[in-house]
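K.L.:
Please find one structure pasted underneath; my questions will follow.
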Amino acid sequence: MTTPSFPIAPVNSGFATCPQLTPEHMAEVKALGFKSVINSRPDGEGGPEQPLNAAVEAAARALGLDYAYIPIPSASQTDADILAMKAAIGRMPQPVLGFCRSGARIKRLYDLAQSR
């Protein structure tokens with residue numbers, strides 16, 4: 001098994017989290033066996049060096065990965081965000097890799113969605 005170039009925190013067999021991904025990471029995400037990606041980091045949160053969601057999504061979809069964008073400001077998810085996460089997890093092929101700035105926000109969103 002190849003060691004990833006970015007840290008991955010497995011939550012269970014169907015979901016893992018990581019920090020910010022770029023379009024260039026998508027081939028590696030696929031090679032690692034993930035079938036879906038969820039981005040919860042709003043565009044522009046990290047300044048101009050942060051890749052835009054549209055670019056990450058295009059790279060993921062070009063490789064056949066399913067993709068969802070559920071942008072939430074740090075620590076301020078709404079009920080609608082939680083329900084969107086629950087719906088995405090329910091429809092996406094597993095395993096799913098979720099990301100945000102550090103991985104903590106997407107993990108919290110996942111946990112909240114699981115409790116609904």
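K.L.:
To the nearest 20 debye, what is the magnitude of the charge dipole of the range 9-102 about its Cα centre, counting +1 on the Cβ of each Lys and Arg and -1 on the Cβ of each Asp and Glu?
P.N.:
In debye, rounded to 20, the range 9-102 gives about 300.
K.L.:
Of THR22, LEU109, SER5, which is farthest on the positive side of the dipole of the chain, counting Cα position, with +1 on Lys and Arg Cβ, -1 on Asp and Glu Cβ, and the Cα centre as origin?
P.N.:
Checked the options; the winner is LEU109.
K.L.:
Rounded, prolate or oblate: pick one for the range 9-102, where a ≥ b ≥ c are the square roots of the eigenvalues of its C-alpha gyration tensor, a/c under 1.5 means rounded, and failing that, prolate if a/b is larger than b/c, else oblate.
P.N.:
oblate
K.L.:
Rank-order 26-33, 53-60 by packing density, defined as the average count of other C-beta atoms within 10 Å over each peptide's residues, highest first.
P.N.:
53-60, 26-33
K.L.:
Then there is this: Got a sec? Charge dipole of the chain, +1 on Cβ for Lys and Arg, -1 for Asp and Glu; which of CYS100, ALA84, ALA58 is way out at the positive end?
P.N.:
Selected residue: ALA84.
K.L.:
Over the chain, what is the relative contact order in whole percent, taking alpha-carbon pairs under 8 Å and six or more residues apart?
P.N.:
This gives 37 percent for the chain.
None of the figures in this text is laboratory data; all of them are computed from the coordinates on show. Just so it is clear, the structure is predicted and the values come from calculations on it, not from any experiment. Glycine gets a Cβ as well: all are built from the backbone with ideal geometry, and neighbour counts include every protein chain shown.
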